[in-house]
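The values are calculated or read from the model by the stated rules, or taken from the named source; none is laboratory data. Just so we're clear, the structure is a prediction, and the values are computed from it rather than from any experiment. A quick note on method: Cβ atoms are made from the backbone with ideal geometry, for glycine too, and the neighbour counts reach across all protein chains shown. Ligands, DNA and RNA are stripped out before the accessible areas are found, and what is left, the full protein with its side chains, is counted by its heavy atoms. Shrake-Rupley method; radii C 1.70, N 1.55, O 1.52, S 1.80 Å.
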Amino acid sequence: MTTFKDELKALAQLREAQQGKWDNINPEHAARMRVQNRFQTGLDIARYTARIMREDMAAYDADTSQYTQSLGCWHGFIGQQKMISIKKHFGTTKRSYLYLSGWMVAALRSEFGPLPDQSMHEKTTVPGLIEELYTFLRQADAWELNHLFRNLDEARKAGDQAKADEAMAKIDGFETHVVPIIADIDAGFGNAEATYLLAKKMIEAGACCIQIENQVSDEKQCGHQAGKVTVPHEDFIAKINAVRYAFLELGVDDGVIVARTDSLGAGLTQKIAVTNEPGDLGDQYNSFLDGDEIASASDINNGDVVIKQDGKLVKPKRLASGLYEFKPGTGEDRVVLDCITSLQNGADLLWIETEKPHVGQIAGMVNRIREVCPDAKLVYNNSPSFNWTLNFRQQVFDAWEQDGKDVSAYDRNNLMSADYDDTELGRLADEWTRNFQRDAAREAGIFHHLITLPTYHTAALSTDNLAKGYFGDEGMLAYVAGVQRKEIREGIATVKHQDMAGSNIGDDHKEFFHGEAALKAGGKDNTMNQFG
């Protein structure tokens, strides 16, 4: 990206060329506005962030400690504050992404009101949220740069060249809040053409990475609920192709596709795959169908479907809904086949939806996939649908029991009890939880760790705490002690909410546009001055 000095020089030359007609335009002010708005379109963002994500994937391949992370955000402001916080605490946004969860879109952003995670919300809500998230991230850039420019002005006014040089260096070395978004397109919201059209909208809004799952669009279920129905590979490949074509059409050649499989928990399929010869992809898919072997034509009833499976005639088990059942215990084998097939047909990353956060289980599947696709790597859902405390305490319990350690002091079925919080088992389980991301990145091929809907839960929890106190005996102290005092002492940007919403930027623009006649909001009577 060009520097502020480069922009200033170019705009000064442009004003000069107007032969006096633009004398009211200050090149430095225009240069500031350009630098504060570096991304002109969503496609600019998609191309920029796709390169970042590809670089991060290569870095992870070389060193698994370089994994990436994200939190699911359901509003632009939430995503903005998350990135401001990351930059404040760690000094960089590197390897930090945003996740856009279809679950949260359904639950929080649909015009129908709260909906279950079944792809019933409006298609355009997802690209709308992508655009909103990037609007807020770009505003965070403008907000932070505005403070740097004001520091530059103060240093110049004081005649302090050292501070002025320091401010200029920070401006030219500014790191944007704009980071990759992994965006959930669910099962594609219809046929491959519908998937292509929606993917284009998402990419135009700024998405460099689209996650798509192998469930049936009109039967889609949350990955942590029952009743999931998968589609044959040929159908899923068509949708991967549709997303890739959308990326290529829009010039986002580095666009990333995450292929999600729900086969581990899905016991049903929508239809029998097309197969032309034994061992082809359709035949492999059909080999997992549960059914009864047919000895004679009399075993076939009216309306029955018959297929050839391993050289034998088999009648697949079909439900009243018309859906077909898979053989019990085939989930992991289907996952492995799904993942290999997706990678061999254009997907870049995998998502395996599991029923628990277990490094060994995930690694077992990934190692099988890597026998065929050595660079396979995962995006993994650190889901709030898991009871993390119970899961890891049970994992420690089982490991101890397997090693012959005495576990008689613990009730495996009651390990969630607070009685175990300060025990050796409880402390070790917390340590395993703390190390889950590092361990899974190293041992199970997880490139990206995300939590799908954490800010749904944090919004509910913080609101509950405030409501309990404010409407109770604490009154205003609940807000003062529980919110404002913490904001001030912890340096939360929102304590100066007028500034965070753009008041200072607006004042600067008034000065740019009106000169000395500008009527500013940030004078001595602005109560935000109480916060320093």
Worksheet item: Given the residues Arg156, Arg150, which is the only one that is surrounded by fewer than 17 Cβ atoms within 10 Å (Cβ to Cβ), of a type outside the set (Asp, Glu), in contact (Cβ under 8 Å) with a residue 24 or more places away in the chain and assigned to a helix (DSSP H, G or I)?
Response: Arg150
Worksheet item: If you go through the range 470-516, how many residues are within 19 Å of Gln80 (Cα to Cα) and either touching a Pro at 6+ places or on another chain (Cβ under 8 Å) or of a type in the set (Val, Ile, Thr) (or both)?
Response: 6
Worksheet item: Which is farther than 30 Å from Gln40 by Cβ, crowded, with 19+ Cβ neighbours inside 10 Å and of a type in the set (A, V, I, L, M, F, W, C), of Val243, Val229?
Response: Val229
Worksheet item: Which residues, counting only those in the range 108-147, are among the aliphatic types (A, V, I, L, M) and at pLDDT below 90?
Response: Leu108, Leu115, Met120
Practice prompt. Looking only at the range 326-335, count how many residues are in a loop (DSSP other than H, G, I, E, B) and out of contact with any Phe, Trp or Tyr (no Cβ under 8 Å at 6 or more places or on another chain).
Written response: 2
Practice prompt. Pull up the range 159-175, narrow it to residues that are among the small types (Gly, Ala, Ser) and in a helix (DSSP H, G or I), then point me to the one that is surrounded by the fewest Cβ atoms within 10 Å (Cβ to Cβ).
Written response: Ala162
Worksheet item: Take the residues of the range 382-410 that are of a type in the set (D, E, K, R) and either open to solvent by less than 70 Å² (accessible area, probe 1.4 Å) or under 28 Å from His449 (Cα atoms) (or both): which is nearest to the chain's Cα centre (by Cα)?
Response: Arg393
Worksheet item: Within the bounds of the range 57-64, is there any residue that is touching a strand residue (DSSP E or B) at 6+ places or on another chain (Cβ under 9 Å), open to solvent by 30 Å² or more (accessible area, probe 1.4 Å), at pLDDT 95 or above and part of a loop (DSSP other than H, G, I, E, B)?
Response: yes
Item to complete: Any chance you could count how many residues in the range 336-393 are in a loop (DSSP other than H, G, I, E, B), of a type in the set (Lys, Arg) and closer than 26 Å to Tyr420 by Cβ?
Response: 1
Worksheet entry | Filter result (open to solvent by 30 Å² or more (accessible area, probe 1.4 Å), farther than 18 Å from Asp235 by Cα and either modelled with pLDDT under 95 or touching a helix residue (DSSP H, G or I) at 6+ places or on another chain (Cβ under 6 Å) (or both)) within the range 333-357 | Glu355, Lys356
Discussion item. So in the range 89-112, with the set limited to residues that are assigned to a loop (DSSP other than H, G, I, E, B) and open to solvent by less than 20 Å² (accessible area, probe 1.4 Å), which one is nearest to Gly72 (Cα to Cα)?
Written reply: Ser101
Item to complete: Give just the number: which of (1) open to solvent by 50 Å² or more (accessible area, probe 1.4 Å); (2) touching a strand residue (DSSP E or B) at 6+ places or on another chain (Cβ under 7 Å); (3) under 28 Å from Ile181 (Cα atoms) does Glu249 not satisfy?
Response: (2)
Item to complete: Could you tell me which residue of the range 34-54 is nearest to Cys208 (Cα to Cα), considering only residues that are modelled with pLDDT under 95 and open to solvent by 70 Å² or more (accessible area, probe 1.4 Å)?
Response: Gln40
Worksheet, complete the sentence: Restricting attention to the range 3-41, the residues that are within 18 Å of Glu144 (Cα to Cα) and β-branched (Val, Ile, Thr) number exactly 2
Worksheet, complete the sentence: Sole miss for Asn414 among (1) out of contact with any Ser or Thr (no Cβ under 8 Å at 6 or more places or on another chain); (2) within 21 Å of Arg260 (Cβ to Cβ); (3) of a type outside the set (Asp, Glu) is condition (2)
Worksheet item: Among the residues of the range 176-195, is any out of contact with any Lys or Arg (no Cβ under 9 Å at 6 or more places or on another chain), open to solvent by 30 Å² or more (accessible area, probe 1.4 Å) and closer than 30 Å to Glu353 by Cα?
Response: yes
Item to complete: Just name the residue that is farthest from Asp56 (Cα to Cα) out of those in the range 273-312 that are assigned to a loop (DSSP other than H, G, I, E, B) and open to solvent by less than 40 Å² (accessible area, probe 1.4 Å).
Response: Ile294
Fill in: Filtered residues of the range 419-444 (kept if in contact (Cβ under 8 Å) with a residue 40 or more places away in the chain and open to solvent by 90 Å² or more (accessible area, probe 1.4 Å))
Arg438, Arg442, Glu443
